[in-house]
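To start, the structure itself, in C-alpha cells.
The values are calculated or read from the model by the stated rules, or taken from the named source; none is laboratory data. This structure is a prediction, so every number in the text was calculated from the model and none was measured. Here the Cβ positions follow ideal geometry from the backbone for every residue, glycine too, while neighbour counts run over all protein chains shown. The protein model used for the area step is the full one, side chains on, heavy atoms only, and it has no ligands, DNA or RNA in it. Shrake-Rupley method; radii C 1.70, N 1.55, O 1.52, S 1.80 Å.
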Amino acid sequence: TINNDDAAVVHLTLLDATKNEGTGGTTDFTFKATLDNPVQDGFDLAFTVTDGTATDADDYDVITTSPLSFTGTANEMQIITVRVLADAKVEADETFSVSIEDTGFSSTTAPAGTLTTASTVVATIQNDDAATLSIDDVTMVEGISGATTFTFTVTLNAEVQGGLVVNYTTQNGTASTA
C-alpha cells in the first residue's frame, strides 16, 4: 500500500491591500488564489466576501462567482475581483474580507486532508473624499436703536457620514461687541 502523504495549499493574497475609493466610477481589488502543488483531477474552491465596515452593494460588488475551479496544476492561479463603488461621501476608511476554507472544495481523487486552504485577507477602502464649509458675508443697515440680528449661512458642500459639529467665534473688525 502506498499512502498519499502529499499536500497542496491554496494561498490567498491581495495585490494592493489598501486603495482609494475614488469619486467617480469604480476601483477593483484583485485577490489571487494560488495552488502551490498539483492536485489530481482538480477541484472547486468556494470563497466568501464578508462585510467589515464596508457593505456589499453599497460600497462594493463581488464580480467573480464562487466557486473557483482549479484544474489542479502546480502554481495555478485564480483571480477574485471585488469592485469598489465610488462615492463623494466623507467617511471613515472601510474594510471587507475575502475568505477561502477547507470545506469549500471537492475532488474525487484527493484524500481528505491533502488540500488545506483556510485563509482570510482584509482589504481597506481608503476614503479620499473631502468636504468644505463656507460662510456667507452679511451686509445690513445697523438701525437707529435696539439690536439688529445678523444671520450668517454656513454651507457644507458634501455629505459627511455621521454629521459634524462646528465651533465658531466672532472677531471684531471695524465693529465691536457691546
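Structural remarks
- Residue among Thr23, Thr50, Thr27, Thr64 that alone is hydroxyl-bearing (Ser, Thr, Tyr), open to solvent by 50 Å² or more (accessible area, probe 1.4 Å), at negative phi and in contact with a strand residue (DSSP E or B) (Cβ under 6 Å, 6 or more places away or on another chain): Thr50
- Where strands (runs of 3 or more DSSP E) fall wholly inside region 4-55, the ranges with 1 or more residues that are in contact with a Gly (Cβ under 9 Å, 6 or more places away or on another chain) are 8-14, 26-35, 43-51.
- When the residues of region 67-91 are filtered to those that are touching a Leu at 6+ places or on another chain (Cβ under 8 Å), in a loop (DSSP other than H, G, I, E, B) and open to solvent by less than 30 Å² (accessible area, probe 1.4 Å), the one that is modelled with the lowest pLDDT is Gly72.
- Those strands (runs of 3 or more DSSP E) of region 92-173 in which at least 1 residues are modelled with pLDDT under 85 and open to solvent by 100 Å² or more (accessible area, probe 1.4 Å), considering only elements entirely within it, cover 94-106.
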